[in-house]
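What follows draws every value from the coordinates through simple rules; no lab data is involved. Here the structure is a predicted model, which is why all the values come from computation and not from measurement. Ideal geometry is used to build each Cβ from the backbone, glycine not excepted, and the neighbour counts take in all protein chains shown.
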Amino acid sequence: MDSNKSSPRGARRAVEPTRRPGRERVAALLEAASAVFAERGYEAATMTEIAARAGALVGSLYHFFPNKEAVGEALLARFAGEIDAAFDAVDARAASTSAADLADALFDLMLGLRDESKALAVVMEGRPEWSSKWREFVDATLRRIAGTLALRAPRLAPESARSLAVVLLQNMKAYKALADDEPGAAAELRAMTRLYLVSRLDVPHA
């Protein structure tokens, strides 16, 4: 993901370490950043807080990330990679799984990434100029869902797959929001989505 457009003029870009210790350090810093952004908000969070949460010196954080914006961009890139990996795992068994189990797999995917998605939402709210980045990310997610549905039901028309993907993404987001505070409602939404997907994928010419 190209961050030049949103980076201040003359600012150096984030360093991508090639050795394992460096990669592990960056992963720990991004994990800390995700938690700090989710708790404090993007504007209130500081580089010092992020470094402290990771148990690192702030100079170590600045070595890899020149500013908070670069940290946010790295989080978005990492989340996009995690989404792709999660969908790859679902896609590997999509063709042979039941429609009901596929609905469960998609809900579990979203639930597993809820902490990261919360942090990213906070970052996006703090950087309104990144709204296009978020739109691109949502569109890419819809394409992945539609692609997963096509693997399960190859005769599904592309426009139908897209419409189903929009509905599923909204249900996945709602499930994530309900999972902790309203587990009973979350279970009902999961059951409803299972039946919905069965009705759309397990009938001729869905």
- [ ] Please specify each residue of the range 28-57 satisfying the condition of being of a type in the set (S, T, N, Q) and free of Cβ contacts under 8 Å to residues at least 60 places away in the same chain.
- [x] Thr46, Thr48
- [ ] Just need a number here: residues in the range 136-161 that are basic (Lys, Arg), out of contact with any helix residue (DSSP H, G or I) (no Cβ under 6 Å at 6 or more places or on another chain) and assigned to a helix (DSSP H, G or I).
- [x] 1
- [ ] Identify the residue in the range 132-170 that is free of Cβ contacts under 8 Å to residues at least 24 places away in the same chain and among the polar types (S, T, N, Q) and, among all such residues, is nearest to Gly81 (Cα to Cα).
- [x] Ser132
